[in-house]
Amino acid sequence: MLSNFFKIALRNLRKHSGFSIINIAGLTLGLTTCLLIGCFVWDENQYDKNVPNSDRVYRVYSEFTNNQGTEVFAVTSPMYATTLQKDFPEVEQTARVMMQAQYKRLFEAGKVQLYEEKGFYVDSTFFQVLEIPFKYGSSQNALNDPGSIVLSEDMARRFFGNEDPVGKQLLLEKNPLLVKGVFRNDPRFHLQFDYLMPLAAIHLPADRMQSWNWQQFYTYVKLKKGTGAGLLQSKFQQLVHQVALPFDTDKNAKRTPFLQPLKKIHLYSSNFKFDSAVRGNITYVKALTIIAVFILLIACFNFVNLSTARSLQRAKEVGVRKAIGAARKQLVLQFLGETILLAIASLIIAVILLLIALPWLNRFTDKHISVAMFFTPSMPLILIGMILFTGVFAGLYPAIVLSSFKPVNVLKGKAGNEHSPGKVPWLRHSLVVLQFALSVLLIICVAVVFRQVNYLHDKDLGFNKEQIMFFPMRGDNMFKNNTSFKNELLQSPYISNVSIGYGFPGDAVAGDEVIVHNNGEQKTYSATQLMVDFDYIKTLGLQMAAGRDFMKEMQTDKDHAYIINETAARELGFGNAEKALGKTLSWHVWGAKNPDSLKTGTIIGVVKDFNYKSLYDKVEVAVLQIFPDAAWKVAVKLKTANTSAAIAAVRSAWNRFTPEFPIEYKFLDESFEQMYVSEDKLQSLLFIFTSIAVFVACLGLFGLATYTAERRRKEIGIRKLLGASVRGVVFLLSKDLIKLVVISLLIASPVARYFMRHWLDDFAYRVNINWLIFVIPAILILFIAFGTVSIQVIKAAIANPVKNLRVE
């Protein structure tokens, strides 16, 4: 019996090859999309699962709440780890990782000279908490010596080839370090780094390490076996609220620590500030999973519509088989078998397409998904499950419809009337509405994402980011003679301005407290500190809202003057830019021998707000001041379209001051482009998947149009004999189907608006969702739908009416 089923199934698939190809194409697209998204989602959920005892490891983060709202910070104070280790017996071990600006540092070994960017200073207990496996050496004492370094196997290979580098010397900025170990690279570890150095190597001041307010560390905690994190978290929160002062003197401000499981860091930290982790986004993962399900459902609905549209062509086959004794159960199994065969063929093609697309997926998402995942024990079960789900879900209803035809009615040619068993128009119509509602939902989402991404790239940031290259200074000679280096650059005809400082837009900025003297009171506020020179504002093209720029001629500007932004004028209690002029600020000087050393000065100017961070973050209080001791980055404003000549001029000046270091530079606009890489990728993915969804949905609409034209061909013939035009017939047959698309628009639009408003809430600066967002997709989907329906309807309308009337 089974062999007979397969013979009939294969015969029907060959006989109706066009139908088979369309169905296989729809199912293949749906399954390929599901598999691609499934690979991505699976990989996103693998982060930190290879770390031994990961279920006992937590990262401490904090929520800072005041009158302006709540912000979540990945960084904590150094005292968090100290206190947890000392006062809480539930804690087995803690480790701190110092947050720092990620910039390229020169490493040398023999003749190999390379810049490396990914590295951290960590506690010597790091590998006791995060048990990363070693390839060479031992993790036990690898970080005990301040002059030591441990390398990733990739970095070790770059400098030492395939040799064991343990015990060998590596130069960092010309300073020797001893390689103590080589750890294995894990692309699914939330912190990606190529080297680690002991925290003791940088000799941080004792008062800093005992501070509750200096938020500069990622703190990891490993709990003892059998210890619950919830109770520990509650006790630690109470302690912090008692002994740790809030970040500023606002009585309504409160900082609350939380314990985040290691395995949740990657996907559940997208809104954390100052986080160096490789972050995914659980919202995007869930959205892509829903899209995958949508597309597979659309493909299945499409199959149902095409199968029911074709049911009239197989009515006689069913009638004859029933007349000679075939049971309904046999017919259901027969038609389900055909569907499962289609599903198997579709899945085989989908797997082949997936293997072809996998390298592209890895490049596009910066992942390392391997073909090896297809050889895991669970993969055959997943593939069989997909075949059965797709085959049964898509084939059950058509099988029931086809097997329900009565032999007498079929052989009299009455199987297709509205009263035939199994004919449920509302179900077919509902499938089309659902298909297009999902498609419209995706199209509107794509439209919103496109607008927001374009806005991110095109918004006026309040400064001129074009034609500005910047790079860190290197070598003692350049640092000591940075003024001479700056003057050397300005002699080039290709360069208009040069600024040397710390805190350029798109680069690392510092946060610290300032003391505001206002109406006889002193109040402390947190502020972004931009350490600038006399040409910073001019180089970036910032606009003054009030007051003046720093001036070399004013001797007090270097040590007793501040410039703030408009947000600072409001938030620091001055009211507006004009009223802020002449007010007094104080700041604890970095690196001063006396920890109480204050720099007190007058506000001489207010700059208009500018976005020195990404548009995820609102403009915050910013204070600009002259502080040469912090200067380490150079920004060069080019004044020519001949970029190569300008770069050559910079390189020539560089080689005269520090030839032993290669120059490494980038352009300011490139830094801002890099901030929105994930949004650019989301835009591309949504466009691809939406195009697939719409295409498959159109196949379903094509099926319903075919069914309608088949059912009403006698009516069409009579209407044409009575004088109806082709246009009239097309309108008659199309209007009901277009109504279904309009209903899908009405259903999908409010749903899409709800979800996209929530997505836009992540951005401090965002586009508005206006009526055009819905009108353009509506016009597009109606045009696509009408074009799809017209293919079959026009074919039926121009057919010979005599031929249509010979159905009896």
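The values are calculated or read from the model by the stated rules, or taken from the named source; none is laboratory data. As the structure is a computational prediction, the values presented were derived from the model and not from experiment. Heads up, the Cβs are rebuilt from the backbone with ideal geometry, glycines too, and the neighbour counts pull from every protein chain shown.
For the criterion of being out of contact with any Ser or Thr (no Cβ under 7 Å at 6 or more places or on another chain), at pLDDT 75 or above, surrounded by 12 or more Cβ atoms within 10 Å (Cβ to Cβ) and closer than 30 Å to Val278 by Cα, Ile369 passes.
The condition (being assigned to a strand (DSSP E or B), hydroxyl-bearing (Ser, Thr, Tyr) and more than 22 Å from Asp275 (Cα to Cα)) is satisfied by just one residue among Tyr61, Tyr115: Tyr115.
Within region 222-239, being of a type in the set (S, T, N, Q) and part of a loop (DSSP other than H, G, I, E, B) holds for one residue alone: Thr227. The residues of region 196-225 that are more than 24 Å from Asn141 (Cβ to Cβ) and among the aromatic types (Phe, Trp, Tyr), listed by number, are Trp212, Trp214. Residues in region 48-58 that are hydroxyl-bearing (Ser, Thr, Tyr) and assigned to a strand (DSSP E or B): Tyr58 only. Considering only residues in region 305-337 that are of a type in the set (Val, Ile, Thr), part of a helix (DSSP H, G or I) and modelled with pLDDT under 75, the one that is surrounded by the fewest Cβ atoms within 10 Å (Cβ to Cβ) turns out to be Val320.
Out of curiosity, is Asp596 at pLDDT below 95 and assigned to a loop (DSSP other than H, G, I, E, B)? Can you show your working first?
Working: at pLDDT below 95: yes; assigned to a loop (DSSP other than H, G, I, E, B): yes.
For Asp596, the condition - at pLDDT below 95 and assigned to a loop (DSSP other than H, G, I, E, B) - is met.
Just name the residue that is surrounded by the most Cβ atoms within 10 Å (Cβ to Cβ) out of those in region 498-515 that are farther than 23 Å from Phe485 by Cβ and of a type in the set (D, E, K, R). Here the residue is Glu513.
Rundown of residues vs (1) in the same structural domain as Glu488 (by TED's automatic domain parsing); (2) closer than 30 Å to Asp458 by Cβ, yes/no style:
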residue	(1), (2)
Ala653	yes, no
Pro662	yes, no
Tyr665	yes, yes
Leu668	yes, yes
Leu686	no, yes
Ser691	no, yes
Phe695	no, no
Thr706	no, no
Gly717	no, no
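What about Leu572, is it among the hydrophobic types (A, V, I, L, M, F, W, C) and surrounded by 21 or more Cβ atoms within 10 Å (Cβ to Cβ)? Yes; evaluated as a whole, the condition is true for this residue. Against the definition (surrounded by fewer than 21 Cβ atoms within 10 Å (Cβ to Cβ) and modelled with pLDDT under 85), how does Ser420 come out, yes or no? Answer is yes for this residue. Applying the criterion of at least 3 residues that are within 21 Å of Ala631 (Cα to Cα) to the helices (runs of 4 or more DSSP H) found wholly in region 511-581 leaves 536-540, 557-560.
Every listed requirement among (1) surrounded by 15 or more Cβ atoms within 10 Å (Cβ to Cβ); (2) assigned to a loop (DSSP other than H, G, I, E, B) is met by Pro659 save one, (1).
Applying the selection to region 438-476, what residues are polar (S, T, N, Q) and surrounded by fewer than 17 Cβ atoms within 10 Å (Cβ to Cβ)?
Step one: list which residues in region 438-476 are polar (S, T, N, Q), which gives 439, 452, 454, 464, 467.
Matches in region 438-476: Asn454, Asn464.
Please tell me if Lys613 is more than 30 Å from Leu456 (Cβ to Cβ), modelled with pLDDT under 95 and out of contact with any Pro (no Cβ under 6 Å at 6 or more places or on another chain). Step through it out loud before you land on a result.
Details: more than 30 Å from Leu456 (Cβ to Cβ): no; modelled with pLDDT under 95: yes; out of contact with any Pro (no Cβ under 6 Å at 6 or more places or on another chain): yes.
No; evaluated as a whole, the condition is false for this residue.
For (1) surrounded by 15 or more Cβ atoms within 10 Å (Cβ to Cβ); (2) closer than 23 Å to Glu660 by Cα; (3) not assigned by TED's automatic domain parsing to the domain that holds Leu223, each residue gets a yes or a no:
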{"site": "Phe120", "(1), (2), (3)": "yes, no, no"}
{"site": "Ser124", "(1), (2), (3)": "yes, no, no"}
{"site": "Val129", "(1), (2), (3)": "yes, no, no"}
{"site": "Phe134", "(1), (2), (3)": "yes, no, no"}
{"site": "Gly137", "(1), (2), (3)": "yes, no, no"}
{"site": "Gln140", "(1), (2), (3)": "no, no, no"}
{"site": "Ala156", "(1), (2), (3)": "yes, yes, no"}
{"site": "Asp164", "(1), (2), (3)": "no, no, no"}
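Applying a threshold of 6 Å to beta carbon distances and a minimum spacing of six or more residues, or different chains, the list of pairs starting in region 628-645 at a residue that is surrounded by 15 or more Cβ atoms within 10 Å (Cβ to Cβ) and modelled with pLDDT of 90 or more and ending at one that is of a type in the set (S, T, N, Q) and not in a strand (DSSP E or B) reads Ala635/Thr539; Lys637/Thr539; Leu638/Gln467. The single condition among (1) surrounded by 14 or more Cβ atoms within 10 Å (Cβ to Cβ); (2) closer than 30 Å to Phe107 by Cβ; (3) modelled with pLDDT of 80 or more that Ser678 does not satisfy is (3).
With respect to the stated conditions, Glu90 is surrounded by 14 or more Cβ atoms within 10 Å (Cβ to Cβ), out of contact with any Gly (no Cβ under 7 Å at 6 or more places or on another chain) and not assigned by TED's automatic domain parsing to the domain that holds Ala631.
Does Gln210 satisfy the criteria of being among the polar types (S, T, N, Q) and surrounded by fewer than 18 Cβ atoms within 10 Å (Cβ to Cβ)? Walk me through how you get there before you give the answer.
Numbers: among the polar types (S, T, N, Q): yes; surrounded by fewer than 18 Cβ atoms within 10 Å (Cβ to Cβ): yes.
Criteria met by Gln210.
All conditions but one from (1) buried (at least 17 other Cβ atoms within 10 Å of the Cβ); (2) modelled with pLDDT of 75 or more apply to Pro359; the one that does not is (1).
If the condition is being crowded, with 16+ Cβ neighbours inside 10 Å and either at pLDDT 80 or above or not in a helix (DSSP H, G or I) (or both), then region 384-400 contributes only Ile387. For region 9-31, the count of residues that are buried (at least 16 other Cβ atoms within 10 Å of the Cβ), under 30 Å from Val371 (Cα atoms), modelled with pLDDT of 85 or more and among the β-branched types (Val, Ile, Thr) is at least one.
Scanning region 189-200 for residues that are among the small types (Gly, Ala, Ser), more than 17 Å from Val51 (Cβ to Cβ) and not in a loop (DSSP other than H, G, I, E, B) turns up at least one hit. Would you say Phe485 is within 35 Å of the chain's Cα centre (by Cα), modelled with pLDDT of 90 or more, over 30 Å from Ala253 (Cβ atoms) and crowded, with 17+ Cβ neighbours inside 10 Å? Judged against the criteria, Phe485 is not a match. The one condition from (1) surrounded by 14 or more Cβ atoms within 10 Å (Cβ to Cβ); (2) within 30 Å of Arg157 (Cβ to Cβ); (3) without any contact (Cβ under 8 Å) to a residue 12 or more places away in the chain that Asn53 does not meet is (3).
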